[in-house]
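The values are calculated or read from the model by the stated rules, or taken from the named source; none is laboratory data. Bear in mind that the values here come from a model prediction, so they are computed numbers and not experimental data. When we count neighbours, we look across all protein chains shown, and the Cβ atoms used for this are built from the backbone with ideal geometry, even at glycine. Keep in mind that these areas ignore ligands, DNA and RNA; they rest on the heavy atoms of the full protein, side chains included. Shrake-Rupley method; radii C 1.70, N 1.55, O 1.52, S 1.80 Å.
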Amino acid sequence: MILNNYFVRRLLLIIPTFIGITLVVFIVTRFVPGGPIEQAITRYLMAAEGQQARGGGGGSRATSRVQTISPQAVAQLAELYGFNKPWYVSYVEWFGNVLRGDLGMSTKYTQPVLGMMVSKFPISLRFGIISLIIVYSVCIPLGIAKALRHRSLFDNLSSVAIFVGYALPGYIVAIVLLQIFAFNLHWLPSGGLFSRNYAQMNLFQKIGDNAYHMILPIIAYTISDFASMTIGMKNYTMENMASDYVKTAVAKGNTYKNAIWRHAFRNSVVPIAAGLGGIITIFFSGAFLIEKIFNINGMGLLSFTAIQDRDYPLVLGNLVVVSVLGLLGNILSDFILSVVDPRIRLGE
């Protein structure tokens, strides 16, 4: 009963938090210069100047320039993009549409925002799940092995490789991998997710081709998390190895190895497991530079281009999904933490 009340309170807390996040960003989009109205006016003026230049005879530059646009046209643009009302009225209308599942229409692509995000979601989901499996399945055993062999040759050599990977940003790693394995050695593709003859392949060939194209992006995606996760797991394990309860378990007749696996390991995993809930946001975020380098049209690149193009409905739509996932991820982290660590009683 206490546990249920705890999660009910946390779920109810999502509502004001979500309103606060979206309200701040919505207000910013209303007052930041360079919005869709300004961009539409710029495109109109450039098109008008181009027409005058072509009509100037023989391709010569036009001597006159279109410098203004009528107030009526500006008012029509404001009505078209929803800027003709006070920001609080527009926010209430936008929030009501969100509750109905309508995230609006992209001002740049004139497509439903929800449909655009749904089309990119499988790509980000694929990379997110694979990265999650690789990082946790490799880093946890590696961190424990480094802790058990502290200051050995294995620990020192692996630490050098890990710190180098941690120091290099993912996009730098992507460029280096691309140069070596795609351009110099020609072992792996330089970008994209599929080969040109993908449609003619059978199911197993498609799976292999997709995996072949994902090798370099996955390495670039996971390199930073791989390093931090491994070092974190090693430090947590070493801290618990030196704790009194491990010494007590050994004094009661357990072997040191058995005490480590039965007691220290579980407590070492607690901080790692606590962050699992927040990882669900990676399914929608992505790394836009890595996606740009490898020509992957995922959520990261979509979000970046939306900000770059001042496509506010798309920016807000992405914010809605990411913020909701982040808030739910925090609750999931609390639940996972209570399962892994029996000392924690949520709600008490």
- prompt: Where residues in region 241-257 are modelled with pLDDT of 80 or more, open to solvent by 50 Å² or more (accessible area, probe 1.4 Å) and in a helix (DSSP H, G or I), which of them is farthest from THR222 (Cα to Cα)?
  reply: ALA251
task: Please list, ordered by first then second residue, the pairs with beta carbon atoms under 8 Å, 6 or more apart or interchain, first in region 66-80 and within 14 Å of ILE37 (Cβ to Cβ) and acidic (Asp, Glu), second assigned to a loop (DSSP other than H, G, I, E, B) and at pLDDT 70 or above.
output: none
- line: Here the residues within region 133-157 that are in a helix (DSSP H, G or I) and in contact with a helix residue (DSSP H, G or I) (Cβ under 6 Å, 6 or more places away or on another chain) are ILE134, VAL135, CYS139, ILE140, LEU142, GLY143, ILE144, LYS146, ALA147, ASP155
task: For region 122-138, name all the residues that are under 13 Å from the mean Cα position of the chain (by Cα) and either of a type in the set (S, T, N, Q) or open to solvent by less than 60 Å² (accessible area, probe 1.4 Å) (or both).
output: ILE123, SER124, LEU125, PHE127, GLY128, SER131, LEU132
- line: By residue number, the members of region 275-292 that are modelled with pLDDT of 70 or more and assigned to a helix (DSSP H, G or I) are PHE288, LEU289, ILE290, GLU291, LYS292
- line: Residues of region 139-165 being among the aliphatic types (A, V, I, L, M), closer than 22 Å to TYR221 by Cβ and surrounded by 14 or more Cβ atoms within 10 Å (Cβ to Cβ), in sequence order, are ILE140, LEU142, ILE162
- request: Output the residue which, of all residues in region 212-228 that are in contact with a helix residue (DSSP H, G or I) (Cβ under 9 Å, 6 or more places away or on another chain) and open to solvent by 30 Å² or more (accessible area, probe 1.4 Å), is modelled with the lowest pLDDT.
  value: SER224
